[in-house]
Amino acid sequence: MARIVMKFGGTSMAGTERIRRVANIVRKQAAGGNEVAVVVSAMAGETDRLVNFCREANALYDPAEYDVVVASGEQVTSGLLALTLQSLGCKARSWLGWQLPVRTIEAHAKARIEGIDADDLVASMEAGEIAVIPGFQGLSDDGRITTLGRGGSDTSAVAVAAAVKADRCDIYTDVDGVYTTDPRIVAKARKLKAVTYEEMLELASVGAKVLQTRSVGLAMKEGVRVQVLSSFVGDDAVPADELPGTMIVSEEEMIELVEKGEVERQHVTGIAHDKNEAKVILTRVPDKPGAVAHIFDPLAKAGINVDMIIQNVGRDKGETDVTFTVPQADLARAQALLEDKRDEIGYNRLITDSQIAKISVVGVGMKSHAGVASTMFQALADRGINIQAITTSEIKVSVLIDEDETELAVRVLHTAYGLDAADEAA
Ligand code: ADP
Ligand code: ASP
Ligand code: MG
């Protein structure tokens, strides 16, 4: 017997027919003698719809009330799944975020889970009841509903798995695992049998939305075994217990898998893209100590994350241009703050551009292998793709390019690093 947390994303929960399919997968897992908790997302498109209602009601919406609205999508699907399971003869009940509770910090719309009181949940699972938990939602110290940021149900699932000490956390989605890049962009993307926490964390943080970044960080910290797999499978599919999807593993486990010949490791593990950033250029900033601090201090205080930064070579008159990126959603706020501080910073022009994309290549192999970055630059140059900014970490190289060239760049790099799957016909 094992204790399993299963999470189903929005596409898997979109409508009663799909929920019935999910209920069947859950029923089978429970019928194998396992204790099961299920974490669900809202139906696909529902959270977007709810966010739009908030915007229409009040453009400067109060995040606490926004959370009341957007958390409701998961309440609906958790109740529907419990009902459907009951209709299949299973014992099941829902546990809303405030009932457990899932305790979070008060940062509405981007709350972080502090802990889950799981005693009642565990007792109910031990008594053979399937627990159905809405993802994405929690409760703050002051007793109000919070949400965890878009894609947050993955994090809810990992947190539940940690709290109930689950043997495994299966994240069911609309693809059958983690691929070398988004399989919807590159038909030749390859499914990875395993990927390390460190690489998955980096891939998620640069745009591979198959897992929310925070869920990977939490799984790594708590040592939760995570598998990504598809809910769109037939009755004859390989059971989840036989690990048909992608396992997120520690570096030690990965080394073992490579030694056993079960996994082949390349310098680059995956490629991700992110179209949600915007570029800001400040021209003719004084080239002197403290100038850059004047720019980034107000942004930091406003909680705006700055990602890539480049300061150009100084001009003759002790001036320089500074370029950086911020999330597109924060661009208007960043612009207003910088205009406000114009005299203090002393720049000439503020130029913004949302038509950009960040393309990143990630792989632990980079630590020991030189030339990964130069392969990237050459492959992009060969296709006439201009690089506007570059950042690197130990296991990642990211470049900023024109948004229109995103798909082309991802495909070209996928081929350049030898990641393309062999042709079916070959
Ligand atoms: P869910 O609603 O189940 O949470 P998401 O839409 O959040 O699903 O995540 C699944 C999607 O992630 C896939 O449909 C795929 O297009 C995208 N994706 C991006 N990068 C990758 C990758 N490297 N491997 C697999 N899927 C990826
Ligand atoms: N429903 C939420 C969203 O769309 C959370 C999730 O699906 O993970 O962002
Ligand atoms: Mg998701």
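Being more than 16 Å from ligand 3 (Cβ to nearest atom) and aliphatic (A, V, I, L, M) is the filter; apply it to region 5-49 and report the residue that is farthest from the chain's Cα centre (by Cα).
Once the filter is applied, the top-ranked residue is Ala31.
In region 193-215, how many residues are closer than 19 Å to Phe8 by Cβ and away from ligand 1 (no atom under 11 Å from the Cβ)?
1
Which of the residues spanning region 216-232 are crowded, with 20+ Cβ neighbours inside 10 Å and either more than 10 Å from ligand 1 (Cβ to nearest atom) or charged (D, E, K, R) (or both)?
Val216, Leu218, Ala219, Val224, Val226, Gln227, Leu229
Output the residue which, of all residues in region 141-190 that are over 25 Å from Asp67 (Cβ atoms), among the hydrophobic types (A, V, I, L, M, F, W, C) and under 18 Å from the mean Cα position of the chain (by Cα), is farthest from ligand 1 (Cβ to nearest atom).
Among them, the one singled out is Ile185.
What residue, among those in region 27-49 that are within 15 Å of ligand 1 (Cβ to nearest atom) and open to solvent by less than 30 Å² (accessible area, probe 1.4 Å), is farthest from Ser94 (Cα to Cα)?
Thr47
Within region 195-210, take every residue that is open to solvent by less than 10 Å² (accessible area, probe 1.4 Å) and not in a helix (DSSP H, G or I) and give me the one that is farthest from ligand 3 (Cβ to nearest atom).
Thr196
Can you list the strands (runs of 3 or more DSSP E) lying wholly within region 303-366 that have 3 or more residues being within 15 Å of Lys275 (Cα to Cα)?
Filter on region 303-366 gives 319-327, 356-362.
Could you pull out the residue among Asp297, Asp307 that is within 20 Å of Arg333 (Cβ to Cβ), of a type outside the set (A, V, I, L, M), surrounded by 13 or more Cβ atoms within 10 Å (Cβ to Cβ) and without any contact (Cβ under 8 Å) to a residue 40 or more places away in the chain?
Asp297
Starting from region 76-96, take each residue that is within 13 Å of Ile25 (Cα to Cα) and surrounded by fewer than 16 Cβ atoms within 10 Å (Cβ to Cβ) and list its partners that are at pLDDT 95 or above and not hydrophobic (A, V, I, L, M, F, W, C), counting only C-beta distances under 6 angstrom and pairs at least six apart or across chains.
From region 76-96, the pairs are Leu88/Arg27.
Which count do you get for residues in region 385-426 that are assigned to a helix (DSSP H, G or I) and open to solvent by 30 Å² or more (accessible area, probe 1.4 Å)?
So the answer is 8.
Within region 146-188, restricting attention to residues that are open to solvent by 30 Å² or more (accessible area, probe 1.4 Å), within 14 Å of ligand 3 (Cβ to nearest atom) and of a type in the set (Asp, Glu), which residue is farthest from Glu405 (Cα to Cα)?
Taking the candidates together, the pick is Asp174.
The values are calculated or read from the model by the stated rules, or taken from the named source; none is laboratory data. Keep in mind that what you see is a predicted model, and the values were worked out from it rather than measured. Note that we place each Cβ from the backbone using ideal geometry, even for glycine, and neighbour counts take in every protein chain shown. The area values use the complete protein model at the heavy-atom level, side chains included, leaving out ligands, DNA and RNA. Shrake-Rupley method; radii C 1.70, N 1.55, O 1.52, S 1.80 Å.
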